[in-house]
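Q: Below you'll find the structure I mean.
Quick note: the coordinates plus some simple rules give every number you see, no bench work behind them. Every value quoted in this text rests on a predicted model; they were computed, and no experiment measured them. Virtual Cβ from ideal backbone geometry, glycine too; neighbours counted across all protein chains shown.
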Amino acid sequence: MQELLSCTNVVFHCAATVRFNDSLRHAVQLNVTATQKLLLMASQMPKLEAFIHISTAFSNCNLQHIDEVIYPCPVEPKKIIDSMEWLDDAIVEEITPKLIRDWPNTYTYTKALGEMVVHQESGNLNIAIVRPSIVGATWQEPFPGWVDNVNGPSGLIIATGKGFLRALRGAPMAVADLIPVDTVVNLTLAVGWYTAVHRPKSTLIYHCTSSNFNPCHWGKMGFQILATCEKIPFERAFRRPYADFTTNTITTQYQNAVSHWAPAIIYDLYLRLTGRKPRMTKLMNRLLRTVSVLEYFVNRSWEWSTNNTEMLMSELSPEDQRVFNFDVRQLNWLEYIENYVLGVKKYLLKEDMAGVPEAKQHLRRLRNIHYLFNTALFLIAWRLLIARSQMARNVWLFIVSLCYKCISYFRASSSLKA
Ligand SMILES: CCCCCCCCCCCCCCCCCCCCCCCCCCCCCC(=O)SCCNC(=O)CCNC(=O)[C@H](O)C(C)(C)COP(=O)(O)OP(=O)(O)OC[C@H]1O[C@@H](n2cnc3c(N)ncnc32)[C@H](O)[C@@H]1OP(=O)(O)O
Ligand SMILES: NC(=O)C1=CN([C@@H]2O[C@H](COP(=O)(O)OP(=O)(O)OC[C@H]3O[C@@H](n4cnc5c(N)ncnc54)[C@H](OP(=O)(O)O)[C@@H]3O)[C@@H](O)[C@H]2O)C=CC1
């Protein structure tokens, strides 16, 4: 502690819980109280030049247009911190929806409270806040496509590529504000420099977002994910990668029943019959729970102003603009998404490119199974219908006699020609 206090020049405060479903108590402890404690610690660092707090562009996701300012919270963070000390878990759980109001989860809510704490308790510290949007794999450094966790889109890319995720409730034309992690790091370092050297009078907030500079939509992103998974498939896929966006509750429920639950149940039945432990319904349950917490962000578009970020870009020398590049206008989304999917394959799934021919062969086998299964299903349904309905029987007899007549006609005409 003594060494940290006496030697630290710049604090980059990234630690947080990013789980959307964390209990309010835990999220407050990590995202609000810990921020307060770190500020207190920072105030005892004589050599400190700058304190950079990492928040999220979604800390005010209850608003549609978000400026680079701190918005007031409905309840004072100090009151929330105090109440967590004496309320028991059951009561905290009960009052959570009332406290978080129109924030979709405890994560975004406590990140907003964390910003307010930074604002209120900055004292004489030289502070800035960086708000990244949805952090994705690297764009350039150390190499394209590097990723090390399943947060944000990465987990859903795996689920899509492996053929588990077939439908996602989302708006294909909604803005997908993804930002590569190396861009976030470059901007954060540049903010550290600017805050330490220029010492702005007030706390500046920097939006680290892409949509203002180079917008992309979920439809385009989803399309490129599928195209890459088709070109360079993941190994041992459950089904061929195919997915679509659904737009209302009924189609979502239909897709969940037919495309998610039915194959999982059938596969588990097959596992049971072959003496193995069923696992697909459990996995599907987990996937759909994950999808349900993420889909809020795929159904809406936000606008973030980026005046401070643009100002910072113009303050950097041409050499620093190159080294600490955060200008996403140069980013080619299709190339980026392809590298992202390949990065997921390599760094998360630990799959080698040498396995691609076998993975393609596996997809061809899955396609044949799919055709066979559909044909069998159709024949069974048709047989049942014929057994029960006179009209279906008549249609069937009509089709059979028509086929018979056609065959007789072609036979007769070919023997006449001979
Ligand atoms: C007109 C044009 C038409 C065009 C049409 C074209 C059509 C084209 C076709 C469309 C194709 C569609 C393809 C779809 C492709 C998908 C791409 C879309 C992705 C969208 C993603 C949006 C993400 C938005 C995120 C916004 C974030 C805001 C930014 C931030 O500040 S926060 C950081 C982000 N935080 C997270 O992501 C955390 C999320 N995780 C959680 O909240 C929790 O972990 C949980 C998921 C709720 C689960 O919690 P539990 O308590 O149940 O368990 P635990 O946490 O222990 O985890 C259990 C296991 O689950 C794994 N896991 C965790 N997160 C994910 C995840 N994101 N995805 C998958 N799996 C996850 C975790 O690893 C555990 O696994 P285990 O260790 O093996 O048990
Ligand atoms: N991922 C995203 O899309 C976005 C993330 N952010 C923000 O970026 C920051 C980093 O997030 P991300 O990298 O995605 O998340 P991770 O969960 O990967 O990283 C969180 C970090 O916090 C540390 N941490 C968690 N709990 C504690 C604790 N009690 N004491 C000390 N350290 C702790 C973790 O350390 P350890 O590894 O040792 O557990 C880890 O290094 C967060 O502030 C998040 O809000 C903002 C916008 C988007």
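Q: Tell me, yes or no, whether region 260-275 has at least one residue that is assigned to a loop (DSSP other than H, G, I, E, B) and either on the phi < 0 side of the Ramachandran plot or surrounded by fewer than 16 Cβ atoms within 10 Å (Cβ to Cβ) (or both). Talk me through it step by step, then tell me what you get.
A: Narrowing region 260-275 to residues assigned to a loop (DSSP other than H, G, I, E, B): 274-275.
Restricting the remaining residues to those that are either on the phi < 0 side of the Ramachandran plot or surrounded by fewer than 16 Cβ atoms within 10 Å (Cβ to Cβ) (or both) gives 274-275.
Yes, region 260-275 contains at least one residue that is assigned to a loop (DSSP other than H, G, I, E, B) and either on the phi < 0 side of the Ramachandran plot or surrounded by fewer than 16 Cβ atoms within 10 Å (Cβ to Cβ) (or both).
Q: I'd like to know if region 177-191 contains one or more residues that are under 30 Å from PRO263 (Cα atoms) and within 12 Å of ligand 1 (Cβ to nearest atom).
A: Restricting attention to region 177-191, the residues satisfying the condition of being under 30 Å from PRO263 (Cα atoms) are none.
The answer is no, given that none of the residues of region 177-191 is under 30 Å from PRO263 (Cα atoms) and within 12 Å of ligand 1 (Cβ to nearest atom).
Q: If you don't mind, there's one more thing I want to ask. For a quick check of your reading of the model, give me the residue pairs whose first member lies in region 379-395 and is free of Cβ contacts under 8 Å to residues at least 12 places away in the same chain, whose second is part of a helix (DSSP H, G or I) and of a type in the set (Val, Ile, Thr), with beta-carbon atoms closer than 8 Å and at least 6 apart or on different chains.
A: ALA392/ILE386; ARG393/ILE386
Q: Within region 41-69, take every residue that is without any contact (Cβ under 8 Å) to a residue 60 or more places away in the chain and within 15 Å of ligand 2 (Cβ to nearest atom) and give me the one that is nearest to TYR109 (Cα to Cα).
A: Ranking the candidates gives ASN60 first.
Q: Further question on the same structure: Taking the condition surrounded by fewer than 17 Cβ atoms within 10 Å (Cβ to Cβ) and either β-branched (Val, Ile, Thr) or more than 24 Å from the chain's Cα centre (by Cα) (or both), does GLU319 pass?
A: On the way: surrounded by fewer than 17 Cβ atoms within 10 Å (Cβ to Cβ): yes; either β-branched (Val, Ile, Thr) or more than 24 Å from the chain's Cα centre (by Cα) (or both): yes.
Judged against the criteria, GLU319 is a match.
Q: Which residue pairs have Cβ atoms under 6 Å apart, sit 6 or more places apart or on different chains, and have a first residue in region 350-375 that is farther than 17 Å from ILE232 by Cβ and a second that is exposed (fewer than 11 other Cβ atoms within 10 Å of the Cβ)?
A: Note: no pairs meet the criteria.
Q: Output the number of residues of region 49-72 satisfying the condition of being under 30 Å from LEU5 (Cβ atoms) and part of a loop (DSSP other than H, G, I, E, B).
A: Taking region 49-72 first, the residues under 30 Å from LEU5 (Cβ atoms) are 49-56, 59, 70.
Within this subset, residues satisfying the condition of being part of a loop (DSSP other than H, G, I, E, B) are 49, 55-56, 59, 70.
Total satisfying the criteria: 5.
Q: Let me ask something else. Check off (1) in a loop (DSSP other than H, G, I, E, B); (2) within 24 Å of ALA50 (Cα to Cα); (3) in contact (Cβ under 8 Å) with a residue 40 or more places away in the chain for PHE234 and give me the number that stays unchecked.
A: PHE234 satisfies every listed condition except (2).
Q: Further, regarding this structure: So, VAL191, is that one of a type in the set (Val, Ile, Thr), part of a helix (DSSP H, G or I) and buried (at least 19 other Cβ atoms within 10 Å of the Cβ) or not? Break it down into steps so the answer makes sense when it comes.
A: Details: of a type in the set (Val, Ile, Thr): yes; part of a helix (DSSP H, G or I): yes; buried (at least 19 other Cβ atoms within 10 Å of the Cβ): yes.
Yes; evaluated as a whole, the condition is true for this residue.
Q: Residues that are of a type in the set (A, V, I, L, M), under 27 Å from THR160 (Cβ atoms) and out of contact with any Cys (no Cβ under 8 Å at 6 or more places or on another chain): find the helices (runs of 4 or more DSSP H) completely inside region 300-418 holding 2 or more of those. Steps first, answer last, please.
A: Numbers: elements: 307-315, 318-323, 333-343, 356-388, 390-417.
Output list reads 333-343, 356-388.
Q: Would you tally the residues in region 21-48 being part of a loop (DSSP other than H, G, I, E, B) and more than 16 Å from ligand 1 (Cβ to nearest atom)?
A: Just the residues of region 21-48 that are part of a loop (DSSP other than H, G, I, E, B), to begin with: 21-23, 43-48.
In the following step, the residues that additionally are more than 16 Å from ligand 1 (Cβ to nearest atom) were identified as 43-48.
So the count comes out to 6.
Q: Take region 109-162 and flag every residue that is crowded, with 23+ Cβ neighbours inside 10 Å, free of Cβ contacts under 8 Å to residues at least 60 places away in the same chain and part of a loop (DSSP other than H, G, I, E, B).
A: none
This table checks each residue for (1) in a helix (DSSP H, G or I); (2) under 30 Å from GLU295 (Cβ atoms); (3) among the aromatic types (Phe, Trp, Tyr).
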position	(1), (2), (3)
LEU4	yes, no, no
PHE12	no, no, yes
ARG19	no, yes, no
PRO74	no, yes, no
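Q: Could you tell me whether ASP102 is over 26 Å from GLU49 (Cα atoms), within 16 Å of ligand 1 (Cβ to nearest atom), among the acidic types (Asp, Glu) and touching a Ser or Thr at 6+ places or on another chain (Cβ under 8 Å)?
A: Values: over 26 Å from GLU49 (Cα atoms): yes; within 16 Å of ligand 1 (Cβ to nearest atom): yes; among the acidic types (Asp, Glu): yes; touching a Ser or Thr at 6+ places or on another chain (Cβ under 8 Å): no.
Considered against the rule, which asks whether it is over 26 Å from GLU49 (Cα atoms), within 16 Å of ligand 1 (Cβ to nearest atom), among the acidic types (Asp, Glu) and touching a Ser or Thr at 6+ places or on another chain (Cβ under 8 Å), ASP102 comes out as no.
Q: From the list THR246, THR281, THR251, THR228, exactly one residue is of a type in the set (Ser, Thr, Tyr) and more than 15 Å from ligand 1 (Cβ to nearest atom). Which is it? Reasoning before the result, please.
A: Values: THR246 fails: more than 15 Å from ligand 1 (Cβ to nearest atom); THR251 fails: more than 15 Å from ligand 1 (Cβ to nearest atom); THR228 fails: more than 15 Å from ligand 1 (Cβ to nearest atom).
None of the others qualify; the one that does is THR281.
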